[in-house]
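The values are calculated or read from the model by the stated rules, or taken from the named source; none is laboratory data. Keep in mind the model is a prediction, meaning the values are calculated, not measured. Here Cβ is always computed from backbone atoms with ideal geometry, including for glycine, and neighbour counts include all displayed protein chains. We work out accessible area using only protein heavy atoms, side chains counted, and drop any ligands, DNA or RNA first. Shrake-Rupley method; radii C 1.70, N 1.55, O 1.52, S 1.80 Å.
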Amino acid sequence: MHKSVQDIINMKKEKKKISVITGYDYSLASLCDKAGIDVLLVGDSAGMVMLGYENTIPVTMEQMSMFTEAVSRARKNSLLVSDLPFMSYQTSIEDAINNSGRLIKAGADAVKLEGGSIMAETISAIVDIGIPVMGHIGLQPQTTILSQGYKVQGKTKDAAIKLIEDAKELEEAGVFSIALEMVSHEVAQIISETVNIPTIGIGSGAGCDGQVLVVQDVLGMYNDIKPKFAKRYMNLSEDIVKSLEDYKKDVELGTFPAEENCFSMDKEELKKLREQIGG
Ligand code: KIV
């Protein structure tokens with residue numbers, strides 16, 4: 001049985017840190033699940049790392065449903081949370097409920113949406129029908145970048161108070177956890193100590209109850225943007241390019257495929273074939 005929303009909430013009470021990583025496809029998500037990652041997040045960052053968009057704004061429900069289905073076939077142990085993409089929940093509460101339902105039908109256990117107090121009513125409505133919601137405040141890529149670009153959030157007293165109030169309102173609205181993106185570490189720590197539900201930080205310091213990173217950043221596979229907060233545990237893109245160069249060389253030299261990569265005919269059948277065609 002895979003982890004439940006309640007398991008993740010309990011981890012905060014048990015003072016256990018929560019590991020979250022993004023996943024979009026079957027092969028990599030299987031490895032993340034095997035590694036024991038607590039939560040797989042089908043983030044709308046898929047638009048950038050999987051589809052090559054400049055930001056997350058063009059991502060559609062169809063794309064998020066497809067990525068969610070792929071990851072749901074891969075996971076055995078982790079909780080699966082899926083992002084509601086831009087304009088799939090901001091338009092009306094009805095849209096928010098319908099689209100949350102689509103992601104749950106695609107295999108998600110919970111949905112994530114961006115926004116503070118302004119989203120409280122929408123969140124309550126989704127939670128009321130039985131779909132768990134993860135909140136997302138601080139830098140909100142679907143909207144903050146339109147007005148401010150990628151900027152650390154919560155650097156002034158007033159900005160910090162707004163973030164703390166947003167976190168409290170999201171908790172009251174019923175979210176089971178809150179992602180804090182690029183929030184100054186002091187404010188992230190205060191929020192984590194203020195709310196009873198787990199906070200999941202990305203670029204928000206060690207005081208959060210858990211951490212989330214984009215899997216391509218962790219593996220060193222995505223080079224368009226290299227955020228300061230993302231720790232690279234390997235440089236897979238170098239290994240991939242080197243392996244593909246070796247493959248190309250083998251093909252050109254005829255050293256691939258070798259005998260062990262080929263399938264043989266029955267010797268007697270081959271003899272008969274040669275007799276018949278005169279080869
Ligand atoms: O889309 C995403 O990957 C996210 C995380 C970075 C929090 O929302």
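Residues that are touching a Phe, Trp or Tyr at 6+ places or on another chain (Cβ under 9 Å), assigned by TED's automatic domain parsing to the domain that holds Ser177 and of a type outside the set (Ser, Thr, Tyr) are absent from the stretch 84-93 altogether. Would the stretch 41-52 turn up any residue that is in a helix (DSSP H, G or I), away from the ligand (no atom under 14 Å from the Cβ), open to solvent by 10 Å² or more (accessible area, probe 1.4 Å) and under 16 Å from Gln142 (Cα atoms)? Within the stretch 41-52, none of the residues are in a helix (DSSP H, G or I), away from the ligand (no atom under 14 Å from the Cβ), open to solvent by 10 Å² or more (accessible area, probe 1.4 Å) and under 16 Å from Gln142 (Cα atoms).
Suppose we filter Asp217, Asp209 for residues that are more than 10 Å from the ligand (Cβ to nearest atom), assigned by TED's automatic domain parsing to the domain that holds Ile118 and of a type outside the set (Ser, Thr, Tyr); which single one remains? Of the residues listed, the single one that is more than 10 Å from the ligand (Cβ to nearest atom), assigned by TED's automatic domain parsing to the domain that holds Ile118 and of a type outside the set (Ser, Thr, Tyr) is Asp209. Scanning the stretch 57-83 for residues that are of a type outside the set (D, E, K, R), within 13 Å of the ligand (Cβ to nearest atom) and either in contact with a Lys or Arg (Cβ under 8 Å, 6 or more places away or on another chain) or closer than 17 Å to Ile145 by Cβ (or both) gives Ile57, Val59, Val81, Ser82.
Looking only at residues that are assigned to a helix (DSSP H, G or I) and open to solvent by less than 10 Å² (accessible area, probe 1.4 Å) in the stretch 68-89, which one is farthest from Val212 (Cα to Cα)? Don't jump to the end; show me each part of the working.
Pass one, the stretch 68-89, residues assigned to a helix (DSSP H, G or I): 68-74.
Applying the additional criterion that residues be open to solvent by less than 10 Å² (accessible area, probe 1.4 Å) yields 68, 71, 74.
Details: Thr68: 17, Val71: 17, Ala74: 19 Å.
Among them, the one singled out is Ala74.
Hey, among Ser177, Ser117, Ser124, which residue is polar (S, T, N, Q), modelled with pLDDT of 95 or more and closer than 20 Å to Leu80 by Cβ?
Working: Ser117 fails: closer than 20 Å to Leu80 by Cβ; Ser124 fails: closer than 20 Å to Leu80 by Cβ.
Of the residues listed, the single one that is polar (S, T, N, Q), modelled with pLDDT of 95 or more and closer than 20 Å to Leu80 by Cβ is Ser177.
Answer yes or no as to whether Ile197 is touching a Leu at 6+ places or on another chain (Cβ under 9 Å), within 11 Å of the ligand (Cβ to nearest atom) and closer than 21 Å to Asp7 by Cβ. When the stated conditions are applied, Ile197 does not pass them. Collect the residues in the stretch 1-56 that are without any contact (Cβ under 8 Å) to a residue 12 or more places away in the chain and under 27 Å from Tyr150 (Cβ atoms), keeping them in residue-number order. Once the filter is applied, which keeps residues that are without any contact (Cβ under 8 Å) to a residue 12 or more places away in the chain and under 27 Å from Tyr150 (Cβ atoms), the stretch 1-56 yields Gly52, Tyr53, Glu54.
Taking the stated definitions as given, is Ala188 in contact with a strand residue (DSSP E or B) (Cβ under 8 Å, 6 or more places away or on another chain) and assigned to a helix (DSSP H, G or I)? When the stated conditions are applied, Ala188 passes them. Considered as a group, the residues in the stretch 191-224 that are part of a loop (DSSP other than H, G, I, E, B), open to solvent by 30 Å² or more (accessible area, probe 1.4 Å) and of a type in the set (S, T, N, Q) include one that is farthest from Ile123 (Cα to Cα), and that residue is Asn223.
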